[in-house]
């Protein structure tokens, strides 16, 4: 009888210890997933701040250049359309809009080289600087965000956290991807954007004036 109760007590102790261990594993796994998911959310919030900053800068940029870039209206229209896309939709939608907007900004700044008065303007220079600083901040926080997403998504697939990820319905996060073209220099084709080169127009007009003056003298 004493042996029976002894075995029962030992068995009960072992079962209790196992339950404690399982409970600890559940709690630690759950808290680990929560912590990693919160890091992803916090990193995304930092990206969102910069996207909204860029959102606010776009109308100022359009106002600064529209008086000069009368032939590049399609560029400005593209910027306007992408403006709303960077603050709405899914992570992938925002990433795609952000990448397109980055390329469009590069094109605008390249085209601005043909407008000396615009390029030399203090307002345009300040806006260009602010946009470039915002670009750098987005690139920095995007790297951190993608690192956190990788860490979190790995936890969803690795034992034992993958078990509790399924039980508690944790979902994978999307990466904030960038295009390879974003790191490449922009080649501006004025024929593609329906924008005659202003310097060429100026030289042509000057040549026409000279020709007209010569004809009058003759």
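Restricting to the range 57-97, name every residue that is outside any helix (DSSP H, G or I), touching a helix residue (DSSP H, G or I) at 6+ places or on another chain (Cβ under 9 Å) and over 29 Å from residue 173 (Cβ atoms). Passing the criteria: 66, 67, 68, 69, 71, 72. Of note, residue 43 does not satisfy the criterion of being free of Cβ contacts under 8 Å to residues at least 40 places away in the same chain, under 30 Å from residue 170 (Cβ atoms) and either part of a helix (DSSP H, G or I) or within 19 Å of the chain's Cα centre (by Cα) (or both). Is one or more of the residues making up the range 164-180 in contact with a helix residue (DSSP H, G or I) (Cβ under 6 Å, 6 or more places away or on another chain), at pLDDT 85 or above and in a helix (DSSP H, G or I)? Yes, some residue in the range 164-180 is in contact with a helix residue (DSSP H, G or I) (Cβ under 6 Å, 6 or more places away or on another chain), at pLDDT 85 or above and in a helix (DSSP H, G or I). Criterion applied to 210, 119 was being modelled with pLDDT under 90, in a helix (DSSP H, G or I) and either exposed (fewer than 12 other Cβ atoms within 10 Å of the Cβ) or touching a strand residue (DSSP E or B) at 6+ places or on another chain (Cβ under 6 Å) (or both), and the one residue passing it is 210. Just wondering, is there one or more residues in the range 13-25 that are assigned to a helix (DSSP H, G or I) and surrounded by 13 or more Cβ atoms within 10 Å (Cβ to Cβ)? Yes, the range 13-25 contains a residue that is assigned to a helix (DSSP H, G or I) and surrounded by 13 or more Cβ atoms within 10 Å (Cβ to Cβ). Confirm whether residue 136 is within 14 Å of residue 50 (Cα to Cα), out of contact with any strand residue (DSSP E or B) (no Cβ under 6 Å at 6 or more places or on another chain), without any contact (Cβ under 8 Å) to a residue 12 or more places away in the chain and outside any loop (DSSP other than H, G, I, E, B). When the stated conditions are applied, residue 136 passes them.
Within the range 63-74, can you find the residues that are within 27 Å of the chain's Cα centre (by Cα) and either surrounded by fewer than 18 Cβ atoms within 10 Å (Cβ to Cβ) or at pLDDT 95 or above (or both)?
Those that are within 27 Å of the chain's Cα centre (by Cα) and either surrounded by fewer than 18 Cβ atoms within 10 Å (Cβ to Cβ) or at pLDDT 95 or above (or both): 63, 66, 73, 74.
Inclusion of residue 33 among residues that are under 30 Å from residue 164 (Cα atoms), surrounded by 17 or more Cβ atoms within 10 Å (Cβ to Cβ) and either modelled with pLDDT of 90 or more or in contact with a strand residue (DSSP E or B) (Cβ under 9 Å, 6 or more places away or on another chain) (or both) is warranted.
When residue 6 is tested against (1) without any contact (Cβ under 8 Å) to a residue 40 or more places away in the chain; (2) under 27 Å from the mean Cα position of the chain (by Cα); (3) farther than 30 Å from residue 166 by Cα; (4) surrounded by fewer than 15 Cβ atoms within 10 Å (Cβ to Cβ), only condition (2) is not met. Within the range 130-177, being farther than 16 Å from residue 46 by Cβ and within 12 Å of the chain's Cα centre (by Cα) holds for one residue alone: 177.
The values are calculated or read from the model by the stated rules, or taken from the named source; none is laboratory data. Computed from a predicted model, the values in this text were never measured in an experiment. Neighbour counts run over all protein chains shown; Cβ positions are idealised from the backbone, glycine included.
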